[in-house]
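A.B. asks: Take this structure first; my questions come after.
The values are calculated or read from the model by the stated rules, or taken from the named source; none is laboratory data. Quantities reported herein were computed from a predicted structural model and do not represent experimental measurements. Reconstructed Cβ throughout: ideal geometry from the backbone, glycine too, with neighbour counts over all protein chains shown. SASA here: full protein model, heavy atoms, side chains in, ligands and nucleic acids out. Shrake-Rupley method; radii C 1.70, N 1.55, O 1.52, S 1.80 Å.
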Amino acid sequence: MTRTLTPEEWHAWFSVQADWTRPTRLYLYRQAYLTQARTVLEVGCGTGVVTGELARLSPAWVVGLDLDSRMLTFARRREDSVTYVRGDAHALPFPSGSFDVAVCHYLLLWLADPAQGVREMARVLRPDGCVLACAEPDYGGRVDHPPELASLGRLQAEALRQQGADPNLGRRLGELFVAAGLRATVGVMAGRWNLPASPDAGFEAEWAMREHDLSDLLSPEELRRLRSADYQALVEGRRTLFIPTFYALGRKTA
């Protein structure tokens, strides 16, 4: 039976993801003129990792929206300069033209209707505002090395599907943005690895998430075997993990 993660465990995982994608986010913020924005929205803010960053980097009024009340409670305790709102990405509770920038990070793959989510972000933008999809993965191109870890990508993609996510959402970003009437620029993040001498806190957070996702697909013994193989590959400098991760900037033209 899948174990429910605590907000603290989710926050640790979201922080690891945010570390991976920070250079791309900073690039997108510059392209969207974040420092000149008056109002900024993050949709699917979770525990507020990216929302807090937006508040630190911009003088804007920053709003974080999520459907999970536990995560919002956690986020409010961490960051009191942000307004946190409970709501559904498919039907944002804001008037049209309310924001200069709308941001999401590993969100669209989880939406039942990602096209509607992008349309809603476009709707709440002012003219010339920007939607930033900072990270959406595409497990169809995932690379795991050494070979004894190759099954992790297939298993993780299947676990995501069983949870209702689209593990190949990244390749669809361009069509989703264009369909929402946005002038879009789409890219994919480059891979870079700093191999530690031994696994760090990021390894623990990543494996907490893997065990959460894969507990219905693998026995505890098989999970322990894969974790041990992953640990050993990291220590020996043999570990490669690459998931094509797409980003998009869409500008509202009218």
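A.B. asks: Only one of these is of a type in the set (Val, Ile, Thr), under 23 Å from Val124 (Cα atoms) and open to solvent by 80 Å² or more (accessible area, probe 1.4 Å): Thr35, Thr4. Name it.
C.D. replies: Result of the check over Thr35, Thr4: Thr35.
A.B. asks: Filter region 167-196 down to residues that are under 15 Å from Ile243 (Cβ atoms) and in contact with an Asp or Glu (Cβ under 9 Å, 6 or more places away or on another chain) and give me whichever is surrounded by the most Cβ atoms within 10 Å (Cβ to Cβ).
C.D. replies: In this case the residue turns out to be Gly170.
A.B. asks: Cβ-Cβ below 8 Å, separation at least six or inter-chain, first residue in region 181-209 and closer than 18 Å to Val16 by Cβ and modelled with pLDDT of 75 or more, second of a type in the set (Gly, Ala, Ser) and surrounded by 13 or more Cβ atoms within 10 Å (Cβ to Cβ): which pairs?
C.D. replies: Sorted first by the residue in region 181-209, then by its partner, the pairs are Met189/Ala135; Glu204/Ala12; Ala205/Ala12; Ala205/Ser15; Ala208/Ala12.
A.B. asks: Still on this structure, please answer the following. Give Val63, Val101 a once-over and let me know the one that is part of a strand (DSSP E or B), touching a Gly at 6+ places or on another chain (Cβ under 7 Å), crowded, with 22+ Cβ neighbours inside 10 Å and of a type outside the set (Ser, Thr, Tyr).
C.D. replies: Val101
A.B. asks: For region 129-176, name all the residues that are part of a strand (DSSP E or B), more than 14 Å from the chain's Cα centre (by Cα) and more than 27 Å from Ala37 (Cα to Cα).
C.D. replies: Listed by number, the residues that qualify are Val143, Asp144, His145.
A.B. asks: For region 225-254, name all the residues that are over 21 Å from Trp10 (Cα atoms), open to solvent by 30 Å² or more (accessible area, probe 1.4 Å) and not hydrophobic (A, V, I, L, M, F, W, C).
C.D. replies: Answer for region 225-254, where residues must be over 21 Å from Trp10 (Cα atoms), open to solvent by 30 Å² or more (accessible area, probe 1.4 Å) and not hydrophobic (A, V, I, L, M, F, W, C): Arg225, Ser228, Tyr231, Gln232, Glu236, Gly237, Arg238, Thr240, Tyr247, Arg251, Lys252, Thr253.
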